[in-house]
């Protein structure tokens, strides 16, 4: 196992004291430890941090890292229907090949390999998706205590974000700025994603305010909302997990007392995640009944979804927003905002509800395409 300090390769017997045989620097992780080894070695952990942070240029949350690491080793697992179909094809292919060889039948000897090719195609995620089978990634690696163990031996990870409560900004804003506003507002379902966007200066680069539906950062919530009300052409972008709980934040934004109930002209755009946006891509599909309570979701939001999406959500399925790698998530949000500003892309937005009665102004809009995610 190679040392991150001197690159010396220490064999198992040579590192019994837990240190590099060359420079004596302690190893943090060791997959060969007994009785239970680590998933990481120090080199792999260091590399994974460099990858997710793009060489320490991006901040990330522990949850994002959890999904990122599992994505590095994720294995697509086909659904039961697809597995049964694949096994059947395999048996048929073997029988056809054996019978063809025994009977010296050229047609059957050719048909056997063709069936095997079909078997391989059946296992492809894109083919599975066309039959309604959503490719899944599996969680195989836990990261509990990994950051603390690393910091105890090496420097703390500078690109790792603390909990949102520990990173609240100051609440004072210069009085002369209160008369200004923003062109856009991005509202996230979780405080962690709002913190992630702010920490990576997404608000500066996209001229927008960022808040969570729980009012993070609470020290600036009232001030930011006061500034936002100065803009009658404000566009609000909702960003949430792929779940009923996530979709419900659209209703909170439209009808919540602290949000835009008294501003029906504000346009609210659902960036996702929606089931259609992840259907043909391998995803960490999890079960969380607490996040999926369709009985409290307004009917107008349900009507914007297809029957397939409704059934998928009703099963308790959920895809977390944090499962999209940080760099990709930033890019996709920017793309979604750009699409909503492009006059040629208007057909990609359809109204869910229109409370203002003024044509295309106001109301809630969702993307009809699967371009996001």
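The values are calculated or read from the model by the stated rules, or taken from the named source; none is laboratory data. The structure displayed is predicted, hence computed values, not measured ones. Don't worry about glycine lacking a Cβ; one is built from the backbone with ideal geometry, like all the others, and counts go over all protein chains shown.
Do we have residue 310 as at pLDDT 85 or above, more than 30 Å from residue 201 (Cβ to Cβ) and not in a loop (DSSP other than H, G, I, E, B) here? Judged against the criteria, residue 310 is a match. Within segment 183-204, the only residue that satisfies the criterion of being over 25 Å from residue 66 (Cα atoms) and part of a loop (DSSP other than H, G, I, E, B) is 183. Only residues that are surrounded by 15 or more Cβ atoms within 10 Å (Cβ to Cβ) and over 18 Å from the mean Cα position of the chain (by Cα) were counted in segment 151-167, giving 5. Scan segment 8-29 and tell me whether some residue there is free of Cβ contacts under 8 Å to residues at least 24 places away in the same chain, in contact with a helix residue (DSSP H, G or I) (Cβ under 8 Å, 6 or more places away or on another chain) and closer than 19 Å to residue 330 by Cβ. There is no residue in segment 8-29 that is free of Cβ contacts under 8 Å to residues at least 24 places away in the same chain, in contact with a helix residue (DSSP H, G or I) (Cβ under 8 Å, 6 or more places away or on another chain) and closer than 19 Å to residue 330 by Cβ. Go through the residues of segment 32-41 one by one and say whether even a single one is modelled with pLDDT of 85 or more and either in the same structural domain as residue 142 (by TED's automatic domain parsing) or surrounded by fewer than 15 Cβ atoms within 10 Å (Cβ to Cβ) (or both). Yes: segment 32-41 contains one or more residues that are modelled with pLDDT of 85 or more and either in the same structural domain as residue 142 (by TED's automatic domain parsing) or surrounded by fewer than 15 Cβ atoms within 10 Å (Cβ to Cβ) (or both). In segment 58-76, the count of residues that are at pLDDT 65 or above, surrounded by fewer than 19 Cβ atoms within 10 Å (Cβ to Cβ) and more than 21 Å from residue 138 (Cα to Cα) is one or more.
When residues in segment 10-33 are screened for being under 15 Å from residue 149 (Cβ atoms) and either part of a loop (DSSP other than H, G, I, E, B) or under 33 Å from the mean Cα position of the chain (by Cα) (or both), 8 of them pass.
The helices (runs of 4 or more DSSP H) found entirely in segment 205-285 that carry 3 or more residues being in the same structural domain as residue 317 (by TED's automatic domain parsing) and in contact with a strand residue (DSSP E or B) (Cβ under 7 Å, 6 or more places away or on another chain) are 221-228, 249-255.
A single entry from 250, 211, 185 fulfils the requirement of being buried (at least 23 other Cβ atoms within 10 Å of the Cβ), without any contact (Cβ under 8 Å) to a residue 40 or more places away in the chain and touching a helix residue (DSSP H, G or I) at 6+ places or on another chain (Cβ under 8 Å): 211.
Being closer than 18 Å to residue 151 by Cβ and part of a loop (DSSP other than H, G, I, E, B) is the filter; apply it to segment 42-57 and report the residue that is modelled with the lowest pLDDT. Among those that are closer than 18 Å to residue 151 by Cβ and part of a loop (DSSP other than H, G, I, E, B), it is 56.
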